[in-house]
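Taking it in order: structure first as structure tokens, then the write-up.
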Amino acid sequence: MVDVMTEIKIRCSLNTVSEYAANPDNAPKWYINIHSAEWQTQKPLTIGSRIAFKANFLGRELAYVYEITEFSPGQILIMKTANGPFPMETTYTWEAIDEDVTRMTLRNKGNPTGFSKLFAPFMSWMMKKANKNDLKKIKNILEEA
């Protein structure tokens, strides 16, 4: 089992942070490993929305589809892989520290299968490192805007 949670404080309002992070069109801008996000369902984002992502991780090109399973704007977004290399769930949460500071958490959990199962401990470490870098990048984008 892979279960990685990271968090960061961003000097922006909760609405600014959550609206930017929850928009799949922005994912390639702040996720270092994601190269593209393509809607498979109509916008706007809602429960049941499906988005196809292409990414690189551990030197491999990955293609997977996430389906939104829970979405409460400004509070939580949960998406699960509908297909891809192994089952994964990604959760974002947002909490206002004050009017101009938001805590954002990013959690990835899943069960690697097959060959990937052998690398689960290494994958957890690499995912945590990547998630920290992604959160730093979204922080920089939003605080510089």
Does Thr102 fit the bill of being modelled with pLDDT under 95, surrounded by 15 or more Cβ atoms within 10 Å (Cβ to Cβ) and not in a loop (DSSP other than H, G, I, E, B)?
no
On the phi > 0 side of the Ramachandran plot, over 16 Å from the mean Cα position of the chain (by Cα) and at pLDDT 95 or above: which single residue out of Gly59, Gly48 fits that description?
Gly48
Restricting to segment 63-77, count the residues that are buried (at least 18 other Cβ atoms within 10 Å of the Cβ) and either out of contact with any strand residue (DSSP E or B) (no Cβ under 8 Å at 6 or more places or on another chain) or free of Cβ contacts under 8 Å to residues at least 24 places away in the same chain (or both).
1
Cross-chain or 6+ apart pairs with Cβ under 9 Å, segment 125-145 first and closer than 23 Å to Val101 by Cβ, then part of a helix (DSSP H, G or I) and of a type in the set (D, E, K, R):
Lys137/Lys29; Ile138/Lys29; Ile141/Lys29
Just give me the residues in segment 1-31 being crowded, with 16+ Cβ neighbours inside 10 Å and aliphatic (A, V, I, L, M), in sequence order.
Val2, Val4, Ile8, Ile10, Leu14, Val17, Ala21, Ala22, Ala27
Failed item, numbered, when Thr81 is tested on (1) at pLDDT 95 or above; (2) crowded, with 16+ Cβ neighbours inside 10 Å:
(1)
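Are there any strands (runs of 3 or more DSSP E) wholly within segment 1-72 with 3 or more residues that are within 20 Å of Lys128 (Cα to Cα) and not hydrophobic (A, V, I, L, M, F, W, C), and if so which?
On the way: elements: 2-10, 34-39, 50-57, 60-72.
It comes to 2-10, 60-72.
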Name the residues in segment 1-21 that are under 15 Å from Lys137 (Cα atoms) and under 15 Å from the mean Cα position of the chain (by Cα), would you?
Thr6, Glu7, Ile8, Val17, Ser18, Tyr20, Ala21
What single numbered condition from (1) within 16 Å of Asn108 (Cα to Cα); (2) touching a strand residue (DSSP E or B) at 6+ places or on another chain (Cβ under 9 Å) fails to hold for Phe57?
(2)
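The values are calculated or read from the model by the stated rules, or taken from the named source; none is laboratory data. Because the structure is predicted, anything quoted here is derived from the model rather than measured. Counting neighbours? That spans all protein chains shown, and the Cβs are built from the backbone with ideal geometry, glycine included.
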